[in-house]
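The values are calculated or read from the model by the stated rules, or taken from the named source; none is laboratory data. All figures in this text were calculated on a predicted structure; none of them were measured in a lab. Cβ: placed from backbone, ideal geometry, glycine included. Neighbour counts: every protein chain shown. What goes into the accessible areas is simple: the full protein's heavy atoms, side chains included, and nothing from ligands, DNA or RNA. Shrake-Rupley method; radii C 1.70, N 1.55, O 1.52, S 1.80 Å.
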Amino acid sequence: MRAKPSSNYGSDTEPGSGNRTFSIGGHILNVPKPRPGLYLVATPIGNLGDITLRALETLAGVDIIACEDTRITRRLIERYAISAELKPYHEHNAAMARPKILERLAQGASIALVSDAGTPLISDPGFKLVREVSAAGHAVIPVPGASSVLTALSVAALPTDRFYFEGFLPARHVSRRTRLAELARIDATLVMFESGNRVQETLADLAEIMPGRDAAICRELTKLHEDIKRAPIAELARTADTLETRGEFVLVIGQPHKDADVMTQHDLDDLLRSSLARESVKDSVAHAVELSGRPRREVYARALELAKEVRGGDGED
């Protein structure tokens with residue numbers, strides 16, 4: 001449940017703004033107020049120890065911390081004894097909150113924007129705020145740190161020279177498969193988020209649409225039950241029913257193999273059988289031609305043969 005919308009970004013002195021300190025290792029450190037501007041502060045993606053010193057100094061020094069969920073951010077600032085005024089900024093109240101933030105910035109305030117975890121704006125709200133703050137001539141200052149995208153890439157044991165971040169795939173089955181077919185044409189390592197209740201279905205779709213690729217499933221990164229599985233995507237899909245589905249997932253899919261421009265006959269047959277069980281011959285052929293790299297005439301002839309096996313009869317529809 002999201003925090004309730006609030007428009008209280010008023011210009012009165014904020015509680016706690018005179019106590020700019022944080023505690024680390026039992027030592028209390030004083031910090032100055034940062035120069036006016038909007039600070040994009042990366043926070044831990046799980047382990048609260050993964051906060052940078054600069055992030056702590058910034059969070060302790062600003063006038064306001066704008067955050068997705070005040071309850072989640074409060075756990076972080078309490079860990080480091082930061083006395084800060086938390087204000088909600090999330091997709092449900094952003095339109096009301098942005099003018100108040102801009103007003104405070106115009107009055108010389110320093111404001112930090114944080115997401116629930118990781119780097120702000122990465123699959124999280126904030127883009128419109130940064131755009132409007134920049135357009136108004138105020139400073140926007142990055143305070144880099146943890147990112148689940150880069151963390152997953154670093155441990156996936158897959159090429160990182162080119163990568164494409166997709167974020168969350170569509171929840172609906174047909175839309176997801178359509179999007180995966182588009183992603184299959186990108187010659188880069190793919191990084192995507194997925195929820196536990198859909199990860200098994202997504203792995204099955206990936207195995208069908210991007211056969212032969214290597215992949216990694218990264219679950220609960222930096223947390224107590226962190227789990228990373230690396231294998232060909234087909235193998236990960238076959239064992240998907242054994243996955244612990246609680247937690248947060250980042251999927252990393254390797255680049256297409258250089259010798260995989262043309263799909264093998266075995267993979268083509270598997271793709272056609274799966275498609276023919278749900279779609280018409282025409283749609284199955286169009287889908288297979290796009291993914292396989294094989295001539296349409298060849299794919300169509302094979303689809304007719306397999307349609308008899310899958311459906312019986314003459315295979316036409």
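Tabulated values for the structure
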quantity: Rounded to the nearest 20 debye, dipole of the chain from Cβ charges on Lys, Arg, Asp, Glu; calculated: 940 debye
quantity: L304-E235 pseudo-label distance in nm [points 7 Å out on the Cα-to-Cβ vector]; calculated: 4.0 nm
quantity: Quotient of C-alpha Rg and 2.2 N^0.38 Å, computed over region 167-283; calculated: 1.06
quantity: Among the listed pairs K128/K223; K87/K128; K33/K100; K100/K128, those beyond 25 Å (Cα-Cα); calculated: K128/K223
quantity: Tensor-based shape of region 73-190 (alpha-carbon gyration tensor, a/c under 1.5 rounded, otherwise prolate or oblate); calculated: prolate
quantity: Accessible area, probe 1.4 Å, largest first, for residues R230, R238; calculated: R238, R230
quantity: Whole-Å distance, taken between Cα centres, linking region 28-82 and region 162-237; calculated: 32 Å
quantity: Farthest toward positive dipole pole in region 45-91 [+1 Lys/Arg, -1 Asp/Glu at C-beta], among A55, H90, Y80; calculated: Y80
quantity: Percent of beta bridges antiparallel (DSSP, region 135-261, rounded to nearest 5); calculated: 75 percent
quantity: Accessible surface, per residue, of the chain when the full set of protein chains is kept, probe 1.4 Å, Å²; calculated: 49 Å²
quantity: Mean separation of Cα contacts under 8 Å, 6 or more apart, over the residue count of region 192-239: relative contact order %; calculated: 38 percent
quantity: Top positive-direction residue, dipole computed over the chain with Cβ charges, set V250, A135, C218; calculated: A135
quantity: Cα-Cα P(r), the chain, percent of pairs per 20 Å interval; calculated: 29, 44, 23, 5, 0
quantity: Extension gain, T242 back to E226 (0.36 nm per residue minus Cα-Cα distance, nm); calculated: 4.2 nm
quantity: Signed unit charges on C-beta, dipole axis of the chain, positive-most listed residue G46, T160, H27; calculated: H27
quantity: Cα-based shape type of region 42-90, given that a ≥ b ≥ c are square roots of the gyration tensor eigenvalues and the cut on a/c is 1.5; calculated: oblate
quantity: Rounded to 5, percent antiparallel among DSSP beta bridges of the chain; calculated: 50 percent
quantity: Charge dipole (debye, nearest 20) of region 112-203; +1 at Cβ of Lys and Arg, -1 at Cβ of Asp and Glu; calculated: 280 debye
quantity: For the chain, calculated [θ]222 nm from helices alone, where every DSSP H run of n ≥ 4 adds -39500 (n - 2.57); calculated: -11000 deg cm²/dmol
quantity: Separation in nanometres of the label points that stand 7 Å from Cα toward Cβ, at A171 and E290; calculated: 2.4 nm
quantity: Whole-number percent relative contact order across region 189-317, with pairs defined as alpha carbons under 8 Å at least 6 apart; calculated: 25 percent
